[in-house]
Amino acid sequence: MDSNKKNPDILESLFRQMPEEELPASFRLNVMQQIAKETVKVRKRNEWFGLAAVIVASLGMLGMAAAFLFYMDFPQITVPKITWPKIDLPIFSFYFYIGILTLFLLFLDYKLRKVFRKDE
């Protein structure tokens with residue numbers, strides 16, 4: 001049985017009998033240093049897990065590509081000369097416009113993030 005429920009005053013009297021001790025002056029500094037060390041450890045561990053995940057995903061994609069090329073039945077191509085594809089000018093200009101617009105939006109996103117996230 002739990003005797004603390006019957007006599008809660010026993011614990012209070014025991015705590016009152018204990019002498020009060022002062023913490024060392026460097027206690028707060030030591031605790032903050034340990035917290036900083038643990039934060040660095042956690043950050044490094046997360047970076048390693050992220051790197052490992054990227055490596056595994058890359059190897060998986062390479063494996064799937066190799067399997068695709070291995071099981072794909074390619075016809076035998078015997079073309080004696082290389083032919084260059086003809087570029088359709090209106091379609092090329094459309095894709096050029098889309099590419100320039102994309103680059104502009106990426107640059108704008110970069111600048112806005114730089115302006116609004118100065119505190120980080």
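The values are calculated or read from the model by the stated rules, or taken from the named source; none is laboratory data. None of these values were measured; they are calculated from a predicted model. Glycine gets a Cβ as well: all are built from the backbone with ideal geometry, and neighbour counts include every protein chain shown. Quick note on the areas: whole protein, heavy atoms, side chains included, nothing else; ligands and nucleic acids left out. Shrake-Rupley method; radii C 1.70, N 1.55, O 1.52, S 1.80 Å.
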With everything on Cα atoms, drop me the angle between helix 27-71 and the longest principal axis of the chain, reported from 0 to 90° to the nearest 10.
30 degrees
Quick one: accessible surface of residue 56, probe radius 1.4 Å, all protein chains present, in square angstrom to the nearest 10.
100 Å²
Using a simple spin-label model with points 7 Å from Cα along the Cα→Cβ vector, what separation in nm is obtained for residue 17 and residue 87?
9.3 nm
Using Cα springs under 10 Å in a Gaussian network model of the chain, which residue among 18, 61, 32 shows the largest mean-square fluctuation?
18
On the protein heavy atoms, probe 1.4 angstrom, tell me the percent of accessible surface of the chain carried by carbon and sulfur.
68 percent
I'm spelling it out carefully: the read-out is log10 I(q)/I(0) by the Debye sum over Cα atoms at q = 0.10, 0.15, 0.17 Å⁻¹, the candidates are [x] -0.87, -1.15, -1.16; [y] -0.29, -0.64, -0.81; [z] -0.64, -0.89, -0.99, and one was derived from this structure. Which label?
[x]
The correct ranking of 27, 96 by accessible area at 1.4 Å, largest first, is 96, 27
